[in-house]
Amino acid sequence: EGFSSVKCFLSLYRFQAYVYFASVFQAMSCGIHYLASVFMAVTPNFVCGFPGNVSGVLFHNSSASSIEDIWTLWTSTENYIVVQLENGEIWELDQCSRSKREVSLDLAYEYKGNKSVFPCSDGFLYDDTKWKSTVVTQWDLVCDREWLAKLIQPTFMLGVLIGAVIFGDIADRLGRQRVIWFTSAGQFVFGIAVAFTFDYYSFVIVRFLLAMVSSGYLVVAFVYVTEFVGIKARTWASMHVHAFFAMGIMVVALVGFLVRTWWVYQIFLSIATLPFVLCCWMLPETPFWLLSEERYEDAQKVIDTIARWNKVSTPCKVSELCSVQQDDLASGRTSDNDTSSTKKHNILDLFCNWQIARRTITVWLIWFTGSLGYYVFSLSSVSLGGNEYLNLFLIGAVELPCYIIACVAMDKLGRRNTLIPFLILSALICVLIMFIPQDFNILIILANMAGKFSIGVAFGLIYLYTAELYPTIVRSLAVGSGSMMCRVGSVVAPFCVYLRSVWIFMPLLLVGIVALVSGILTIMLPETLGKPLTNTLVEATEMGRNKKSCSEKTAPAHSGAALEKIEMFGQERVSIDK
């Protein structure tokens, strides 16, 4: 059924297909920039620099003429390298300090005599066998400056959080089209600018701006495509925006494998979606936003364009849609006096009673868990052993089938009945990984792919499930607040990954705990499959109590005839992102 709806979408709604694929293509750039730091901010093996020219190098029982020949033998950060300079001095080089031997006799690895300890005032020597240059080696973000390197991804995610809030509001005020234009151009401009930053602080600032426009594009793209795509393919179309994001992660792995200098790597990543930047100005504004702003002539032009592309001989008229909408709204007001209230709702309405408050806490935790697990599995994939580029590629590729499974399962089994097993499964996989021996690299990678798959299903499903759990009057508040919790999870995720230095399984333990708690709490949520959307908090509270009077309630069909006509062109107003 799902595949037939997509086929119908492609064959009957050519204009929507053009708009959809053009818009989601740029979503790849969001996936690219979100995960670019996994290779750009790599910390290679390093030791303190030395004052002079070296004549001999010793590492345990191996000797060489240069330090570059020693890196292949480096196995632990507790190791040190002994070098003899041309002036006869012998130095022991650690990672964050260096020692000069007071008695310089024969070059030997072990030394029991007196040593003078000095700081790394001559810089550091880095292993460039894998990466010729990273931002860490560029600005010596090691030792007492290591914390600056660890802030690179969290500050980017903070920009993601702020950008989602700012551009989501701007899109409602100025239109989706303008924000699409600005954020697309911004991703290209700021992406290139990152490669030419002159110090760490300018690098972080430009990356922060890049995060804002990337997040802004992704948020507005969801709204944009759902306002153009018809009901027959809405679920699949909105879900697979995530799939293009995953393809961006795969591009990061490919470019990282081919380019080993960080600023060249950044340029290649930024120009990957340049074709969209050159043609995004052709995308139209959505008719629904134009109608909401009473720009009826512009809306009619877009509808006529859709009709020509879809070969519809009798396009609907805006005047007819407006008259039908006015009639429906008038009848809605006469049938229910409560809807005449103009009360403004706020975040406290999500805690208006115990039933709704418990639902809100559970939904927020699921949003947080989905984001935390998603980025923990993605960011830690390069540390699993084996080929880090292949690991990241597979972690991205496993998302593609997971969204297909999510679409099918949520329509066949239900939203809750799909969410619960996949959340609990992801928790069990986190525990399972802890018992796999560390030398079983392939098994560890497969288990992490399974974890990413299960958390990806839950993460993709929660968008729609949240919208269905809340009534119309607070639906956008619920989705928006859930999205904020999602951003909080993405900010916390990098710090969670850094806990590997405390205990290698600490990130998995934390993800497993919150996933298990989320899965258990989800049992108390009502199933929404096949149920009408609720309009009031009373209806939402009664949802799931199996009361006949509640189950028979249906939502008022505002603008029903109008939607019927718009469906000719594959359009439907979607409240989830409003």
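The values are calculated or read from the model by the stated rules, or taken from the named source; none is laboratory data. Keep in mind it's a predicted model, so treat the numbers as computed, not measured. Because the Cβ atoms are built from the backbone with ideal geometry, glycine has one as well, and the counts that use them run over all protein chains shown. Side chains included, ligands, DNA and RNA excluded: accessible areas come from the protein's heavy atoms. Shrake-Rupley method; radii C 1.70, N 1.55, O 1.52, S 1.80 Å.
With respect to Ser66, is the statement that it is under 19 Å from Gly123 (Cβ atoms) and either surrounded by fewer than 17 Cβ atoms within 10 Å (Cβ to Cβ) or outside the structural domain of Val117 (by the TED database) (or both) true?
Numbers: under 19 Å from Gly123 (Cβ atoms): yes; either surrounded by fewer than 17 Cβ atoms within 10 Å (Cβ to Cβ) or outside the structural domain of Val117 (by the TED database) (or both): yes.
Yes.
Any idea which of Ile442, Ile473, Ile455, Ile462 is assigned to a helix (DSSP H, G or I) and either in contact with a strand residue (DSSP E or B) (Cβ under 7 Å, 6 or more places away or on another chain) or free of Cβ contacts under 8 Å to residues at least 60 places away in the same chain (or both)?
Details: Ile473 fails: either in contact with a strand residue (DSSP E or B) (Cβ under 7 Å, 6 or more places away or on another chain) or free of Cβ contacts under 8 Å to residues at least 60 places away in the same chain (or both); Ile455 fails: either in contact with a strand residue (DSSP E or B) (Cβ under 7 Å, 6 or more places away or on another chain) or free of Cβ contacts under 8 Å to residues at least 60 places away in the same chain (or both); Ile462 fails: either in contact with a strand residue (DSSP E or B) (Cβ under 7 Å, 6 or more places away or on another chain) or free of Cβ contacts under 8 Å to residues at least 60 places away in the same chain (or both).
Unique residue meeting the criteria: Ile442.
Test Thr554 against the stated conditions and say whether it is in a loop (DSSP other than H, G, I, E, B), at pLDDT below 90 and buried (at least 21 other Cβ atoms within 10 Å of the Cβ). Walk me through it before giving the result.
Values: in a loop (DSSP other than H, G, I, E, B): yes; at pLDDT below 90: yes; buried (at least 21 other Cβ atoms within 10 Å of the Cβ): no.
In short, no.
Which residue, of Gln300, Gln266, is at pLDDT below 85, among the polar types (S, T, N, Q) and either open to solvent by less than 40 Å² (accessible area, probe 1.4 Å) or in contact with a Cys (Cβ under 9 Å, 6 or more places away or on another chain) (or both)? Before the answer, list the steps.
Working: Gln266 fails: at pLDDT below 85.
After applying the criteria, what remains is Gln300.
Please identify the pairs in which a residue from segment 419-431 that is aromatic (Phe, Trp, Tyr) has its Cβ atom under 7 Å from the Cβ atom of a residue that is modelled with pLDDT under 95, counting only partners at least 6 apart or on another chain.
What qualifies is Phe422/Ser454; Phe422/Val457; Phe422/Ala458.
So, in segment 112-148, exactly how many residues are free of Cβ contacts under 8 Å to residues at least 12 places away in the same chain and on the phi > 0 side of the Ramachandran plot?
Summing the residues that are free of Cβ contacts under 8 Å to residues at least 12 places away in the same chain and on the phi > 0 side of the Ramachandran plot in segment 112-148 gives 0.
Is it fair to say Phe39 is part of a helix (DSSP H, G or I) and of a type in the set (Phe, Trp, Tyr)?
Working: part of a helix (DSSP H, G or I): yes; of a type in the set (Phe, Trp, Tyr): yes.
Spelling it out, Phe39 is indeed part of a helix (DSSP H, G or I) and of a type in the set (Phe, Trp, Tyr).
Looking for whichever is at pLDDT below 75 and either open to solvent by less than 30 Å² (accessible area, probe 1.4 Å) or assigned to a helix (DSSP H, G or I) (or both) here; the options are Ser323, Ser313. Which one fits? Give the steps one after another, and end with the answer.
Values: Ser313 fails: either open to solvent by less than 30 Å² (accessible area, probe 1.4 Å) or assigned to a helix (DSSP H, G or I) (or both).
Unique residue meeting the criteria: Ser323.
Considering segment 269-287 alone, what residues qualify as being touching a Gly at 6+ places or on another chain (Cβ under 9 Å) and open to solvent by 30 Å² or more (accessible area, probe 1.4 Å)? Let's see the steps before the verdict.
From segment 269-287, those touching a Gly at 6+ places or on another chain (Cβ under 9 Å) are 269-273, 285-286; that's our starting set.
Selection gives Ile271, Ala272.
Is it true that some residue in segment 199-213 is at pLDDT 90 or above, more than 26 Å from the chain's Cα centre (by Cα) and not assigned by the TED database to the domain that holds Gly386?
At the first step, the residues of segment 199-213 found to be at pLDDT 90 or above are 199-213.
Next, only the ones that are more than 26 Å from the chain's Cα centre (by Cα) stay: 199.
Now narrow it down to the ones that are not assigned by the TED database to the domain that holds Gly386: 199.
The answer is yes; a qualifying residue exists.
Given the options Leu428, Leu469, name the one that is modelled with pLDDT under 90 and of a type in the set (A, V, I, L, M, F, W, C). Give the derivation first.
Details: Leu428 fails: modelled with pLDDT under 90.
Answer to the selection: Leu469.
Restrict the check to segment 19-40 and report whether at least one residue is under 30 Å from Thr183 (Cα atoms), at pLDDT 80 or above, surrounded by fewer than 20 Cβ atoms within 10 Å (Cβ to Cβ) and in contact with a Leu (Cβ under 9 Å, 6 or more places away or on another chain).
Our first condition is that a residue be under 30 Å from Thr183 (Cα atoms); within segment 19-40, this holds for 19-40.
So of that shortlist, the ones also at pLDDT 80 or above come out as 19-40.
Now narrow it down to the ones that are surrounded by fewer than 20 Cβ atoms within 10 Å (Cβ to Cβ): 21-22, 25.
Narrowing the set further to residues that are in contact with a Leu (Cβ under 9 Å, 6 or more places away or on another chain) leaves 22.
There is at least one residue in segment 19-40 that is under 30 Å from Thr183 (Cα atoms), at pLDDT 80 or above, surrounded by fewer than 20 Cβ atoms within 10 Å (Cβ to Cβ) and in contact with a Leu (Cβ under 9 Å, 6 or more places away or on another chain).
Would you call Leu508 in contact with a helix residue (DSSP H, G or I) (Cβ under 8 Å, 6 or more places away or on another chain), of a type outside the set (Ser, Thr, Tyr) and surrounded by fewer than 23 Cβ atoms within 10 Å (Cβ to Cβ)?
Values: in contact with a helix residue (DSSP H, G or I) (Cβ under 8 Å, 6 or more places away or on another chain): yes; of a type outside the set (Ser, Thr, Tyr): yes; surrounded by fewer than 23 Cβ atoms within 10 Å (Cβ to Cβ): no.
In short, no.
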